[in-house]
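The values are calculated or read from the model by the stated rules, or taken from the named source; none is laboratory data. Since we're looking at a predicted model, the values are computed, not measured. Note that we place each Cβ from the backbone using ideal geometry, even for glycine, and neighbour counts take in every protein chain shown. With ligands, DNA and RNA removed, areas are computed over all heavy atoms of the protein, side chains included. Shrake-Rupley method; radii C 1.70, N 1.55, O 1.52, S 1.80 Å.
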Amino acid sequence: MAKIAFFSTQSYDRSFFEGNSGKHQFEFFETRLKKNTAQLADGFDGVCVFVNDQVDAGVLKKLAEMNVRLVALRCAGFNNVDLKAAEEHNVRVMRVPAYSPEAVAEHAIALIMTLARKTHKAFVRVREGNFSLERLTGFNIHGKTIGIVGTGKIGQAFARVANGFGVTLIAYDKYPDKEMKKMGVEYLSFDELLAGSDILSLHCPLTPETNHLINSGSLAKMKKGAMLVNTSRGKLVDTAAVIDSLKDGHLGSLAIDVYEQEEKLFFRDLSELIIRDDQIARLMIFPNVLITAHQGFFTSESLEEITRITVKNFDDYEAGRLSENEVSCKLLKNC
Ligand code: NAD
């Protein structure tokens, strides 16, 4: 039996994991894992964390001192874990590399469709008895050029759906994919992708190299009026630069499911509080910006898969088996 402390838990985490604990023992904390909450993991074998938990060198040192030897991520991205420090402190790190790429890809498509046809505005209007079409003019997706940054599991799922619209698909990835090429996706340089896309959708991981991939320089290279979609990680986009570009009328519209400072906001009901983050407050009032709070992954199919694979990770850890879901500097050959 492995004793696991869950951090950043919501009601749905509890309900999925409580009924599927197998032989393991779980305790659920609502708080994020960070320096001053790490102590809660004392007496546990491992911690189970999500996208905004802070698994940095300080936290890993503290976990190791308490003999906590497993960090199990309930997500695919592991940019919030210091893998070098994990190795140094002999802490194993496991993740859920693919639970449902389609869930995130379909959410990106939903965001694009919403912005293109203004259905979010139409919904509110009609509920208030306003049946006017004034200022609801949309645009066809058909015939447009969609650019994809990162054609891994999610980028490919996105490309397969987008292909059905009758669009030109272009992409940028360091490792072009044969299947994508067969489907007609044309790989270009990053600058060519920026210049050619009517809609640009980000599906690469956050790494030191991709941090602020979208900045004032790259925004200037995008087509005037283009749509930017980020369902990957907030820090891929320099928020201040995006706000400037929207204000100048260069960036045509923006859809984000992730946000640079999301750890202070997302997954919580702040509706009765004052939002102190001026950048998100500014984004929230643009008529051409659509924000969702990191819900790309959030389907029942995904939650079932995340639970199943995470419990399997606990089994592997307890049995001392190497897991295909392990992440480490050695396996990545790079940290
Ligand atoms: P993946 O590893 O299968 O694919 C990532 C792709 O990005 C790879 O093809 C890789 O070669 C490419 N890439 C890496 N560095 C790049 C760079 N500098 N420029 C261009 N391409 C680059 O990952 P995935 O499962 O497709 O997930 C992609 C990202 O989606 C995750 O890292 C995570 O940040 C995000 N995500 C978001 C949600 C959500 O709920 N919104 C859910 C799951 C994953």
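Taking all protein chains together and a 1.4 Å probe, the residues Met284, Met66, Met222, Met113 rank Met284, Met113, Met66, Met222 from largest to smallest accessible area. Using alpha carbon centroids, what distance separates region 217-291 and region 173-205, in Å? Region 217-291 and region 173-205 have Cα centres separated by 22 Å. Under 5 Å from the amide H of Ile148 lie the amide H atoms of Ile170, Ala171, Tyr172, Ser201, each residue being 5 or more positions distant or on a separate chain, with H modelled from the backbone and absent for Pro and chain starts. Close amide H pairs (under 5 Å, H built 1.01 Å from N) link Val93 with Val71, Val327, residues at least 5 positions away or on another chain. So how tilted is helix 239-248 from the main axis of the chain? Cα-based, degrees 0 to 90, rounded to 10. That helix lies at roughly 10 degrees to the long axis. Between the listed residues Ser11, Val49, Leu273, the Cα displaced farthest toward the positive end of the dipole of the chain, a dipole computed from Cβ unit charges relative to the Cα centre, is found at Leu273. Ellipticity at 222 nm from helices only: DSSP H runs of n ≥ 4 in the chain, each -39500 (n - 2.57), divided by the residue count, give -10000 deg cm²/dmol. Rounded to the nearest 20, the size of the Cβ-charge dipole of the chain about its Cα centre is 520 debye, with Lys and Arg at +1 and Asp and Glu at -1.
Listed by chain and number, the aspartates and glutamates whose C-alpha is less than 17 Å from the C-alpha of Lys121, apart from same-chain residues fewer than 8 away, are Glu134. On region 101-291, 54 percent of the accessible area sits on carbon and sulfur atoms, based on a 1.4 Å probe. Think of each Lys and Arg Cβ as +1 and each Asp and Glu Cβ as -1; about the Cα centre, that makes the dipole of region 96-172 roughly 180 debye.
Shape verdict for region 182-335, please, from the Cα gyration tensor: rounded (a/c under 1.5), prolate (a/b greater than b/c) or oblate. Taking the square roots of the gyration eigenvalues as a ≥ b ≥ c, region 182-335 is oblate. In this Cβ point-charge picture (+1 for Lys and Arg, -1 for Asp and Glu), region 123-269 has a dipole of about 340 debye about its Cα centre. Applying a DSSP loop filter and a limit of 15 other Cβ atoms within 10 Å to the trypsin sites (Lys or Arg not before Pro) in region 87-152 leaves Arg135. Exceedance of the 19 Å cut-off in Cα-Cα distance is limited, within the set Lys153/Lys182; Lys178/Lys221; Lys34/Lys312; Lys174/Lys330; Lys61/Lys84; Lys118/Lys264, to Lys178/Lys221; Lys34/Lys312; Lys174/Lys330; Lys118/Lys264. Sequence-ordered 3J(HN,Hα) estimates for region 274-289 from the Karplus curve with 6.51, -1.76 and 1.60 and θ = phi - 60° stand at 7, 7, 8, 8, 5, 6, 5, 4, 5, 4, 5, 9, 5, x, 10, 10 Hz, glycine and proline given as x. Residues whose amide H lies under 5 Å from that of Cys48, counting only those 5 or more places away or on a different chain, are Ala5, Phe6, Phe7, Ala72; hydrogens are built 1.01 Å from N in the peptide plane. The residue list Gly164, Gly296, Pro205 was ranked by how far each Cα lies along the charge dipole of the chain toward its positive end, using unit charges on Cβ atoms, and Gly164 comes out on top. Using the Cα gyration tensor of region 18-142, with a ≥ b ≥ c the square roots of its eigenvalues, what is the shape: rounded (a/c below 1.5), prolate (a/b larger than b/c) or oblate (neither)? It is prolate, given that a/c is not under 1.5 and a/b is the larger ratio.
The residues of the chain have, on average, 49 Å² of accessible surface per residue, using a 1.4 Å probe with all protein chains present. Note on Ser15: accessible area is roughly 80 Å² with a 1.4 Å probe, heavy atoms of protein only.
Please give the Cα centre distance for region 65-100 versus region 114-138, rounded to the nearest Å. Centre-to-centre (Cα) distance: 44 Å. In order along region 43-56, the phi-based Karplus estimate (6.51 cos²θ - 1.76 cosθ + 1.60, θ = phi - 60°) of 3J(HN,Hα) comes to x, 9, 7, x, 10, 10, 10, 10, 4, 10, 6, 9, 9, 8 Hz; Gly and Pro are listed as x. Using protein chains only and a probe of 1.4 angstrom, how many square angstrom of Val93 are accessible, to the nearest 10? Here the residue's solvent-accessible area equals roughly 0 Å². Shown in residue order for region 106-115 are the 3J(HN,Hα) couplings computed by the Karplus curve 6.51 cos²θ - 1.76 cosθ + 1.60 at θ = phi - 60°: 5, 5, 4, 5, 4, 5, 4, 4, 5, 5 Hz (x for Gly and Pro). Candidate cross-link partners of Lys144 among the aspartates and glutamates, defined by an alpha-carbon separation under 13 Å and a same-chain spacing of 8 or more, comprise Asp198.
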